[in-house]
1. Any idea which residue in the stretch 159-217 is modelled with the highest pLDDT, counting only those that are of a type in the set (Lys, Arg) and more than 23 Å from residue 410 (Cα to Cα)?
2. Exactly one condition in (1) modelled with pLDDT under 50; (2) not in a strand (DSSP E or B) is not met by residue 291; state its number.
3. Take residue 242 and tell me if it is modelled with pLDDT of 85 or more and under 26 Å from residue 191 (Cβ atoms).
4. If you take the residues of the stretch 378-433 that are under 12 Å from residue 328 (Cα atoms) and hydroxyl-bearing (Ser, Thr, Tyr), which of them is surrounded by the most Cβ atoms within 10 Å (Cβ to Cβ)?
5. Would you point out which residue out of 333, 347 is surrounded by fewer than 19 Cβ atoms within 10 Å (Cβ to Cβ) and either within 21 Å of residue 414 (Cβ to Cβ) or of a type in the set (Ser, Thr, Tyr) (or both)?
6. Limited to the stretch 179-213, what total is found for residues that are assigned to a loop (DSSP other than H, G, I, E, B) and at negative phi?
Amino acid sequence: MEYFFVVVLGSILKPAARFFLRFVFLPLYKLIVLSKLRLQRLALPARGFILFFVTNRYLFHAAVVTASLVAIWFNVQTKQVLAQDIGKRSILYSLMTEGTVEIVTEQKLVESVKPASANRFGPGTIEAVPYIDFNYHAMDEEEMDGVSGQIPGTLVLAPLDHRAEESSPVKPKRTEVENYTVKAGDTLGTIARDHSVNVGTVLWANNLTERQYIRPGDNLKILPVSGVLAKVGKGETLSGIAKKYGGNVEEIIKQNNLSDEKVTVGMELIIPGGEPPAVVPVRTVASTNYVLKEPGTTREVAPGENPVQKPNDAVEKPEAPKTRLLWPTSARIITQYYGWRHTGLDIAGDHTNPLYAADDGVVAISGWNSGGYGYQVLIEHPNGMKTRYAHASKLFVSAGDQVKRGQVIAMMGSTGRSTGPHIHFEVYVNGKRVNPLLYIR
């Protein structure tokens, strides 16, 4: 029975196997063998060339010569790199500087955080700073050459309602000196404004300076008009006093209710529109000189003798600064320090903080700067240094003015490229910006 099934199944599958072997397997095998032979025939020359090139004994020498030639070519094409140019061609430098020569970056002061007071006096102490008398009507009428009448970055007070002015009571005109007691919240600016005088009148009458402080309870002399209070000395006349303080004789007689020009010693006179005389510094010269006697020795020369004269071709060395620079403002909060991208020192405050000259010098620039500094002052000092005070709201000096150390030259503001009231303070030594903290006392 099993044999019968094997015979039947073999007779059925045998024709199918012959057909598959003859018409499918053998043609496919033939195609594969022929393709392989043809590919070997084509690749034989290339394989021989590669084997010849790799196994050649001069291959290493050729590689060394090629590398040497490439190194020499790059060295010849490379330009000389100076010390001051190191890093300026890097991608990091381009991304950080954005291709600009000068970058001033300001940091926004977070107003929600109230900084701790660095004042050594009590919280009721009031600093004597100049009052900002903005006369917007005069500014509108004044013709500025290339400078806008508005001050960018400052707040302009809205005009007062005329009806409110008419309803307010008119204060009687004062004719005598008034004693005023300082109250909490008062400043010299508000006191002067309430009494219709300028800040200088209050300072001069009470022997105060811009850097001194007043406290609640202090008594101040307030003149009825802007000017100075002068005390008649021995041998002085009314005309001499008027000339000394820059006043007018007729106005002095009218203001002080005098019958004539006769004055007595010890009398106090109000000089309308006057100012204290400028103090001329007295220079002292040493009375002892030294003259060269022998190489390495000296001897004293009496004041009456003639010392050895200095040759005409002698060159004097610039005198080194004897004192460090003064802190440029009354504010003490540093919001950004000197660094690679920030070329100065940022000190935050408000529009009531004055800006002081860091040392004696001559004002080189005073005005608007469109490059980001806003209203600025640049002072050239005798020792060769320069100091810059940027982002001011109001300027008190002009180019060419002589300034003294500690003199108020401007008021803090937020003009130019700025995000809040502060001063951008820069120090130049030999024409290059340096860290201001290294030169400030």
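1. 183
2. For residue 291, the exception is condition (2).
3. Spelling it out, it is not the case that residue 242 is modelled with pLDDT of 85 or more and under 26 Å from residue 191 (Cβ atoms).
4. 389
5. 333
6. The number of residues fulfilling the criteria is 14.
Residues checked against (1) surrounded by fewer than 10 Cβ atoms within 10 Å (Cβ to Cβ); (2) over 30 Å from residue 339 (Cα atoms); (3) at pLDDT below 65:
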site	(1), (2), (3)
2	yes, yes, no
19	no, yes, no
22	no, yes, no
43	no, yes, no
57	yes, yes, no
80	yes, no, yes
93	no, no, no
105	no, no, yes
110	no, no, yes
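The values are calculated or read from the model by the stated rules, or taken from the named source; none is laboratory data. Note that the coordinates shown come from a computational prediction; the quantities given were computed from them, not determined experimentally. Note: ideal-geometry Cβ built from the backbone for every residue, glycine included; neighbour counts use all protein chains shown.
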